[in-house]
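Okay, so here's the structure we're looking at.
The values are calculated or read from the model by the stated rules, or taken from the named source; none is laboratory data. The shown structure was predicted, so the numbers you read here are calculated from the model rather than taken from an experiment. Glycine gets a Cβ as well: all are built from the backbone with ideal geometry, and neighbour counts include every protein chain shown. We work out accessible area using only protein heavy atoms, side chains counted, and drop any ligands, DNA or RNA first. Shrake-Rupley method; radii C 1.70, N 1.55, O 1.52, S 1.80 Å.
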Amino acid sequence: MKTLIQNGTVVTSQKKFDADLLVEDGKIAAIGTNLPKEGCETFDAAGCLLFPGFIDAHTHLDMDTGTALTADDFYSGTRAAIAGGTTMLLDFATQDKGKTLSGALKIWHGKADGKSSCDYGFHMAIVDWNPAVSAEIDEMVKEGVTSFKLYLAYDNLRVSDGELYEILKRVGQVHGIIGVHCENGDLVNRMVAENRAAGNLTPNYHPLSRPDFVEAEAVARYCYIAQAAGVPINIVHLSTKAGLEEVRRARARGQKVYIESCPQYFTLDDSLYSLPGFESAKYVCSPPLRKKADQAALWGALEAGEIDTISTDHCSFNWKGQKELGKEDFSKIPNGLPGIEHRPVLMYTHGVMTGKMTVEQMAKLLSENTARLFGLYPQKGVLAVGSDADIVVWDPLFQSSIHAETQYQNVDYTPYEGQKTVGRTKAVFLRGTQVVCDGRVVCENSGIYVSRAQSEYYGR
Ligand SMILES: [Zn+2]
């Protein structure tokens, strides 16, 4: 089947230009003007921007924390993703203590296969490092898992500095890339304990137990350990000015350090923790929402090209029944925010519409860089001949607002409730098939697992 998407404006990381896209057998077959339309279905994209399908490299779907199971599984989460323009996501398969990586991968395939409305792949979170697990790294690469995740916080997940060093070296051998959750876990534990002992149990003590230096210290340590190991690294969900400054130092030393941040750190701030009642629990995530000054620093860094990728850290828990587990003690509130559906519209509204970000940067940060870093480029991440026809037809003028009532995310709130937005998905094509029409999902469960190549370690 052939489809001709006509009259749109193609956006790449470098430029935008008016052109038609010819889609054939799931791939982009031609880009140009006056392309022949014989035998084609046509789609009129007049007035619309054509973005490469957005990629979200940080989601937690169908994840059990031990006390709560995320509200979104792969069925609801990927439907929400595609409605918003995300055509590919990378979720975190997570090893259980004492178990294998291949076992974890199998479990995550079981969660996702046949139930996903956008394409997907997995990072592997390593929580139990030993020689047998080290031997499994090659197998992971063969299975298309070329990126790994490590935690420096959360007692059930985190690795030691020595393990971090060894894993960086080992994954470097296969040209993989590691993303680390940077918070000093020991410090967080002590500060949480101090607050609990003092009877400080309301949600506003969550951010006070994880101040900016907790992130900055872990970022600095990670960067130095990576320098020792001699490998490029990725930092997930960077949230603070102090953390950013540590990355600048490492880059000034000549290190390749990639930065991911998330819409919540650009658009929400820690004043939300002073909302009355238990309302503020909706915003409990780690790292927590930060100060206005941190937000300004992140926007400045984005404008300067210092931030590489924007993903969501989507990790949804219902306010009723799940966040409420911490009603008497903030440390028991499941950590995480929903956002998989709204990343493109939030970054468009707060970035492009305010002049802080160009549409080219949007294509780069939400799609191309992510594809390059995680071994998906040029199959994904770009509108080019031969690439997958993952195409977002973006109506740049559509005005709307975000509400839990009308969202696809299967969770009882949204941190962006009532926010006015500009732009939306007029259509989304997934490997050539139209799956979204006017923001509504019209074809579900057609996502497939994408086996990834090794990281490109682009630029920098
Ligand atoms: Zn996360």
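Would you confirm, using the coordinates I've provided, whether V188 is within 16 Å of the ligand (Cβ to nearest atom), over 30 Å from E368 (Cβ atoms) and open to solvent by less than 30 Å² (accessible area, probe 1.4 Å)?
yes
Sort out which residues of region 110-161 are within 19 Å of the chain's Cα centre (by Cα) and on the phi > 0 side of the Ramachandran plot, and write them in order of number.
G144 - this is the single residue of region 110-161 that is within 19 Å of the chain's Cα centre (by Cα) and on the phi > 0 side of the Ramachandran plot.
Please go through (1) open to solvent by 30 Å² or more (accessible area, probe 1.4 Å); (2) out of contact with any strand residue (DSSP E or B) (no Cβ under 8 Å at 6 or more places or on another chain); (3) within 16 Å of the ligand (Cβ to nearest atom) for E194 and return the number of the only condition it doesn't satisfy.
Of everything listed in (1) open to solvent by 30 Å² or more (accessible area, probe 1.4 Å); (2) out of contact with any strand residue (DSSP E or B) (no Cβ under 8 Å at 6 or more places or on another chain); (3) within 16 Å of the ligand (Cβ to nearest atom), E194 misses just condition (3).
Where the second residue is aliphatic (A, V, I, L, M) and the first is free of Cβ contacts under 8 Å to residues at least 24 places away in the same chain and lies in region 374-396, which pairs have Cβ atoms under 6 Å and are six or more apart or on separate chains?
The qualifying pairs are P378/A384.
Of the conditions (1) under 21 Å from V422 (Cα atoms); (2) assigned to a loop (DSSP other than H, G, I, E, B), W299 fails just one. Which one is it?
Here W299 clears every test but (2).
With V219, V231 as the choices, which residue is within 16 Å of the ligand (Cβ to nearest atom) and in contact with a helix residue (DSSP H, G or I) (Cβ under 6 Å, 6 or more places away or on another chain)? Reasoning before the result, please.
Details: V231 fails: within 16 Å of the ligand (Cβ to nearest atom).
That would be V219, the only listed residue that is within 16 Å of the ligand (Cβ to nearest atom) and in contact with a helix residue (DSSP H, G or I) (Cβ under 6 Å, 6 or more places away or on another chain).
Give me a count of the residues in region 308-326 that are surrounded by 23 or more Cβ atoms within 10 Å (Cβ to Cβ), more than 12 Å from the chain's Cα centre (by Cα) and among the polar types (S, T, N, Q).
Going through region 308-326 one residue at a time, the tally reaches 1.
Please enumerate the residues belonging to region 1-39 that are part of a strand (DSSP E or B) and hydroxyl-bearing (S, T, Y). Step through it out loud before you land on a result.
Quick first cut of region 1-39, residues part of a strand (DSSP E or B) only: 2-11, 16-24, 27-32.
Selection gives T3, T9.
Just to check your reading of the model, which residue among S280, S286 is assigned to a helix (DSSP H, G or I) and closer than 29 Å to S76 by Cβ?
After ruling out the rest, the residue left standing is S280.
So is I82 touching a residue at least 24 places away in the same chain (Cβ under 8 Å), buried (at least 24 other Cβ atoms within 10 Å of the Cβ) and in contact with a Lys or Arg (Cβ under 9 Å, 6 or more places away or on another chain) or not?
The answer is no for I82.
S116 is checked against (1) open to solvent by 10 Å² or more (accessible area, probe 1.4 Å); (2) under 28 Å from I235 (Cα atoms) and fails just one. What number does that condition carry?
(1)
Against the condition among the acidic types (D, E) and either on the phi > 0 side of the Ramachandran plot or at pLDDT below 95 (or both), how does D62 come out, does it pass?
Considered against the rule, which asks whether it is among the acidic types (D, E) and either on the phi > 0 side of the Ramachandran plot or at pLDDT below 95 (or both), D62 comes out as yes.
So V284 passes all but one of these: (1) within 16 Å of the ligand (Cβ to nearest atom); (2) open to solvent by 10 Å² or more (accessible area, probe 1.4 Å). Which condition number does it fail?
Against the list (1) within 16 Å of the ligand (Cβ to nearest atom); (2) open to solvent by 10 Å² or more (accessible area, probe 1.4 Å), V284 comes up short only on (2).
Against the definition (under 18 Å from P288 (Cβ atoms) and either surrounded by 17 or more Cβ atoms within 10 Å (Cβ to Cβ) or away from the ligand (no atom under 16 Å from the Cβ) (or both)), how does E166 come out, yes or no?
Spelling it out, it is not the case that E166 is under 18 Å from P288 (Cβ atoms) and either surrounded by 17 or more Cβ atoms within 10 Å (Cβ to Cβ) or away from the ligand (no atom under 16 Å from the Cβ) (or both).
Residue by residue through region 230-263, note down the ones that are within 19 Å of S147 (Cα to Cα), surrounded by fewer than 19 Cβ atoms within 10 Å (Cβ to Cβ) and in contact (Cβ under 8 Å) with a residue 40 or more places away in the chain.
Residues satisfying the conditions are G230, K256.
Go through region 205-228 and count every residue that is crowded, with 17+ Cβ neighbours inside 10 Å and within 23 Å of E328 (Cβ to Cβ).
Going through region 205-228 one residue at a time, the tally reaches 5.
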